[in-house]
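One structure below.
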Amino acid sequence: MCLMVKCALCVHLIYSDIVQRSREELKAIRETNPGLKPTLAIIQVCLCIGLNVMQICLPRQCTEEEVSDEILRLNEDSRVYGIFLHLPQSFLSKSVRNAIKPQKDVDGVSDLNVGRVVLGDQRDGFASPIAGAVLEMLARHGVYLFVYMAVLVGVEGPLKATLQFLLQNNGMMVQTCQWSSKHLQKQIMDSDVVILLETDHKGLPPTWLRPGVAVINLSSALMEGTFIQSKDIKHGSHYNSCFLLLRSSRRWIQEQQYQPWRLHPLKLQPLSPVPSDIEISRAQTPKPISQLAQEVGLLPEELEAYGNTKAKVHLSLLNRLQHQPNGKYVLVAGITPTPLGEGKSTVTIGLVQALSAHLKLNSFACLRQPSQGPTFGVKGGAAGGGYAQVIPMEEFNLHLTGDIHAITAANNLVAAAIDARILHEATQSDKALYSRLVPSVNGVRCFSPIQMARLQRLGINKSDPSDLTPEEVRAFVRLDLDPEKVTWQRVIDTNDRFLRKITVGQANTEKGNARQTQFDIAVASEIMAILALTDGLADMRARLGRMVVGSSRNGQPITADDLGVTGALAVLMKDAIKPTLMQTLEGTPVFVHAGPFANIAHGNSSVLADKLALKLVGEEGFVVTEAGFGADIGMEKFFNIKCRTSGLKPDVVVLVATVRALKMHGGGPNVTAGVPLPKEYISENLQLVADGCSNLKKQIQIAHLFGVPVVVALNAFKTDTQAEIDLVCRIAEASGASAAVQCHHWSRGGRGSVELAQAVKKVASQKNYFQFLYNLQDSVVEKIRTIAQKVYGADDIELSPEAQAKIDYYNQQGFGALPICMAKTHLSLSHMPEKKGVPTGFILPIRDIRASIGAGFIYPLVGTMSTMPGLPTRPCFYDIDLDPVTEEIKGLF
């Protein structure tokens, strides 16, 4: 009996010790993580040891569903690190216990946590705190578990399973029995440790206990405090729950740190001849996106799944890993391309497949989202090709997660607001406009926050609508937009040439307010450029508000803020700002985000995707992103606009070339999409290749203007000869490239780009001297001239009178310090598409200059730029179809 009393006292001593240790540990945790406030949610009863405690007292008549609903709410409360159920047994059903998230189940009652105990693996789970106290007490008093027999009397449910397997996993033999068992006396007398739970029973007869037996009564730990009075919190078994809450907090802190990758690449078995892109894509089974996310260190709460193969990633990741050093930053650019493209996307994907699946280095590809216009037009999809693809390619090319649709909706809301405002101002008096813009609601008139911001811009420091003078009312209600100077266009994500010039407002209801306008392709919207350059929601909202949509009749810029539409635009774009996670054919991660035009915009994927990826890959990892068109356009804008905005510095440029394009620059015949290649391109011609390398040399020189080393990736085709490949590599290295290698990712996957990956790894580790090409404080004209002369090779620039007038206007409005985004043809270094190689002796004509103030750049127009592609005679959609039985898509490429 003596030992039984001693053990009962011991439980309380252990609790006191746990409390003290918990207090000390909590203090240490808070010293290193001052923002951390661990909260224990106790449903019906609680105990505080210095933690934040949330006590939820449910009425006695509540239902099981109401208890479960409360648990589910606490599961999603980021302040709560642990949930402890102190309920009558009738409420502790399996569904209630399993409603708790296992990582918050500090009482260890969920099936998953109990199962972990059964398997002897508690690294990611919790065991019952009572069971933990029992083991600690036995250990403190020298009870060597592996030579003892224990019996559990009257213990049921999760506690029974947890105690039984914890003791067994520590070497003790364990029996269980009920109070009503006819063998109860024998089992107790045969045991060295008796663990009992009294309910209606009064205990054990002393004669049943042999000398030296340890008796542990769990009744007080479980029952004390079950029924409570107002503000009266009893002390019971919650001491250990608090200790486990601290363990949960420690685990949370560990989870917040950078997690080493556990990437499991997908096996690739390339076939010869190479099947179609969609056949290759469909033959590979992608990993569940949740699995990929876990492998690369993303937390479940940072993922927002869109089906099983793609997911949005929350920007909270940037805060979590803010102290994590960035990985290496690699840009894939290209020489001046043929109309067929030279495979920058396939090189990008092949390179990350080689880095991660074959060299076992962390790497992320960051790609632009393709427009559906070219997908159904002439170019096809943009998921890469051959054995270097993003999968599933159908989802990549069609809709994805709806970002372009969100941009379309936001863009066209602005357009609708513009025309509606012009109509209402033309047909109403100042008083009528004011009464409708600031209506009386329940007898109260007040300005909305965005209207207050407009008043402040107007210099009207009043908040009561009744205080404005007639002059102030007029200034407030009238934007006075000039219909002839509206610069904002509607957009649609379809190639439709008949929308290049339209007339709106022809219905009688629009009262003669018709005007000519146009549609652009959706990816040409300034909102797309903003999405690609923003660094967060607050910045995006501010940029959206700064968008200039036209001018007033007295020449003042009118913004989205003036229209009052900024908040609504932010709401439409709140999900689009999150990058989309996908994977390559070899199961390596890809971020797909944003897809701005590469002529009137900067043609790069988003800053946010790059920043997220640079944190995830770790200091020794690689982020590979792609710039649109040739290096003279996409790479120059990447450096001067994107890197200036993001503050990121590239480590190496991968410059993609093809023998086909080099032959074209060497004087070969024209290359036309949809037409078979002339014989010069499918047979060996070393002279054409050598002459065409002038363009390659020039693009290497452009990269060196920015102080970044170059690795040339020769994207090899089956028609290339080894002599042509060797010639290109020799000339590239002689022209200043740090390395030049041939790539066969299209036919072999990542294995075909291992040599490229090794070269990139070596060159990226070397010091570079990145610099911008111009200073933002240079004049607009000087910035344009610098790009024209140093990048394109022009002798000078020539400004049209209209362009000069626009420069004067932008300077007057304070926009002169913005970077320059040149809008010119991608088919030549010059403004003349037919001039191949390295044109010289030309003057670059600047026809007009426009500004994307929200995106943050000025874009000069060199020649005529179409922002709405048209459909060819035979578009891609002729080959696209759906199998109604299998729902498989056919014909995409």
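The values are calculated or read from the model by the stated rules, or taken from the named source; none is laboratory data. Note that the structure is a prediction, hence the values are computed from the model and not measured. Heads up, the Cβs are rebuilt from the backbone with ideal geometry, glycines too, and the neighbour counts pull from every protein chain shown. All accessible areas refer to the heavy atoms of the entire protein, side chains included, with ligands and DNA or RNA removed. Shrake-Rupley method; radii C 1.70, N 1.55, O 1.52, S 1.80 Å.
State yes or no: is residue 670 over 21 Å from residue 738 (Cβ atoms), open to solvent by 10 Å² or more (accessible area, probe 1.4 Å), without any contact (Cβ under 8 Å) to a residue 24 or more places away in the chain and part of a loop (DSSP other than H, G, I, E, B)? Yes, satisfied.
In this entry, residue 185 passes the filter for residues that are outside any loop (DSSP other than H, G, I, E, B), surrounded by fewer than 17 Cβ atoms within 10 Å (Cβ to Cβ) and modelled with pLDDT of 85 or more.
For every residue, the table says whether it meets (1) at pLDDT below 65; (2) within 24 Å of residue 253 (Cα to Cα); (3) assigned to a loop (DSSP other than H, G, I, E, B).
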position	(1), (2), (3)
29	no, yes, no
60	no, no, yes
81	no, yes, no
90	no, no, no
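All of (1) in a loop (DSSP other than H, G, I, E, B); (2) over 26 Å from residue 257 (Cα atoms); (3) touching a Lys or Arg at 6+ places or on another chain (Cβ under 6 Å) hold for residue 340 with one exception: (3).
Residues considered: 599, 695. Of these, the only one that is closer than 24 Å to residue 406 by Cβ and in contact with a Gly (Cβ under 9 Å, 6 or more places away or on another chain) is 599. Candidates in the range 679-707 are the residues that are under 42 Å from the mean Cα position of the chain (by Cα), over 15 Å from residue 331 (Cα atoms) and of a type in the set (S, T, N, Q); of these, the one that is least open to solvent (accessible area, probe 1.4 Å) is 695. Which of the residues spanning the range 798-825 are in a strand (DSSP E or B) and open to solvent by 20 Å² or more (accessible area, probe 1.4 Å)? Passing the criteria: 798, 799. Are any residues in the range 717-752 under 32 Å from the mean Cα position of the chain (by Cα) and of a type in the set (Lys, Arg), and if so, which ones? 748, 751 - these are the residues of the range 717-752 that are under 32 Å from the mean Cα position of the chain (by Cα) and of a type in the set (Lys, Arg). When the criteria are applied in full, residue 782 fails the requirement of being touching an Asp or Glu at 6+ places or on another chain (Cβ under 7 Å) and exposed (fewer than 15 other Cβ atoms within 10 Å of the Cβ). Of the residues that sit in the range 826-852 and are touching a residue at least 40 places away in the same chain (Cβ under 8 Å), assigned to a loop (DSSP other than H, G, I, E, B) and open to solvent by 20 Å² or more (accessible area, probe 1.4 Å), which one is farthest from residue 793 (Cα to Cα)? Going through the qualifying residues, I end up with 847. Scan the range 375-417 for residues that are over 22 Å from residue 581 (Cα atoms) and among the charged types (D, E, K, R) and jot them down. Of everything in the range 375-417, just one residue is over 22 Å from residue 581 (Cα atoms) and among the charged types (D, E, K, R), namely 379. If you filter the range 708-737 down to residues that are charged (D, E, K, R) and closer than 25 Å to residue 352 by Cβ, you find that the one that is most open to solvent (accessible area, probe 1.4 Å) is 718. Scanning the range 628-640 for residues that are under 21 Å from the mean Cα position of the chain (by Cα) and modelled with pLDDT of 95 or more yields a single hit, 638.
Candidates in the range 496-505 are the residues that are farther than 11 Å from residue 483 by Cβ and not in a loop (DSSP other than H, G, I, E, B); of these, the one that is most open to solvent (accessible area, probe 1.4 Å) is 498. For the range 650-678, a residue qualifies if it is closer than 29 Å to residue 329 by Cβ and among the hydrophobic types (A, V, I, L, M, F, W, C), and the qualifying residues are 652, 653, 654, 655, 656, 657, 659, 661, 662.
Residue by residue, here is whether (1) touching a residue at least 12 places away in the same chain (Cβ under 8 Å); (2) under 30 Å from residue 382 (Cβ atoms); (3) acidic (Asp, Glu); (4) open to solvent by 30 Å² or more (accessible area, probe 1.4 Å) holds:
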residue	(1), (2), (3), (4)
489	yes, yes, no, yes
507	no, no, no, yes
547	yes, yes, no, no
562	yes, no, yes, no
565	yes, no, no, no
582	yes, yes, no, no
588	yes, yes, no, no
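If you go through the range 866-893 and keep only what is over 30 Å from residue 824 (Cβ atoms), under 30 Å from the mean Cα position of the chain (by Cα) and of a type outside the set (Val, Ile, Thr), you end up with 887, 888, 890, 891, 892. Of the residues contained in the range 682-696, none is found to be outside any loop (DSSP other than H, G, I, E, B) and in contact with a Cys (Cβ under 6 Å, 6 or more places away or on another chain). Working carefully through the options 571, 624, 565, find the one that is of a type in the set (Val, Ile, Thr), under 29 Å from residue 283 (Cα atoms) and modelled with pLDDT of 95 or more. Within the list 571, 624, 565, the selection yields 624. For the range 710-719, the criterion of being of a type in the set (Phe, Trp, Tyr), under 30 Å from residue 276 (Cβ atoms) and part of a helix (DSSP H, G or I) is met by none of the residues.
When we screen 535, 520 for residues that are open to solvent by less than 60 Å² (accessible area, probe 1.4 Å) and not polar (S, T, N, Q), the only hit is 520.
Just to verify a result, which residue in the range 407-447, among those that are in contact with a strand residue (DSSP E or B) (Cβ under 7 Å, 6 or more places away or on another chain) and polar (S, T, N, Q), is surrounded by the fewest Cβ atoms within 10 Å (Cβ to Cβ)? Residue satisfying both the conditions and the ranking: 412. In the set (1) more than 25 Å from residue 88 (Cα to Cα); (2) outside any helix (DSSP H, G or I); (3) in contact (Cβ under 8 Å) with a residue 24 or more places away in the chain; (4) of a type outside the set (A, V, I, L, M, F, W, C), residue 176 fails one condition alone, (1). Tell me whether the range 862-884 contains one or more residues that are at pLDDT 95 or above, more than 21 Å from residue 520 (Cα to Cα), in contact with a strand residue (DSSP E or B) (Cβ under 7 Å, 6 or more places away or on another chain) and open to solvent by 30 Å² or more (accessible area, probe 1.4 Å). No, there is no match, as no residue in the range 862-884 is at pLDDT 95 or above, more than 21 Å from residue 520 (Cα to Cα), in contact with a strand residue (DSSP E or B) (Cβ under 7 Å, 6 or more places away or on another chain) and open to solvent by 30 Å² or more (accessible area, probe 1.4 Å).
Table: residues versus (1) in contact with a Gly (Cβ under 8 Å, 6 or more places away or on another chain); (2) in contact (Cβ under 8 Å) with a residue 12 or more places away in the chain; (3) not acidic (Asp, Glu).
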site: 745; (1), (2), (3): yes, yes, yes
site: 756; (1), (2), (3): yes, yes, yes
site: 767; (1), (2), (3): no, no, yes
site: 772; (1), (2), (3): no, yes, yes
site: 776; (1), (2), (3): no, yes, yes
site: 785; (1), (2), (3): no, yes, yes
site: 790; (1), (2), (3): no, yes, yes
site: 805; (1), (2), (3): no, no, yes
site: 811; (1), (2), (3): no, yes, yes
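Determine which member of the set 467, 480, 493 is free of Cβ contacts under 8 Å to residues at least 60 places away in the same chain and either open to solvent by 20 Å² or more (accessible area, probe 1.4 Å) or closer than 30 Å to residue 875 by Cβ (or both). Testing whether each residue is free of Cβ contacts under 8 Å to residues at least 60 places away in the same chain and either open to solvent by 20 Å² or more (accessible area, probe 1.4 Å) or closer than 30 Å to residue 875 by Cβ (or both) leaves just 467.
Output the number of residues of the range 737-773 satisfying the condition of being hydroxyl-bearing (Ser, Thr, Tyr) and either in a loop (DSSP other than H, G, I, E, B) or outside the structural domain of residue 587 (by the TED database) (or both). Matching residues across the range 737-773 total 3.
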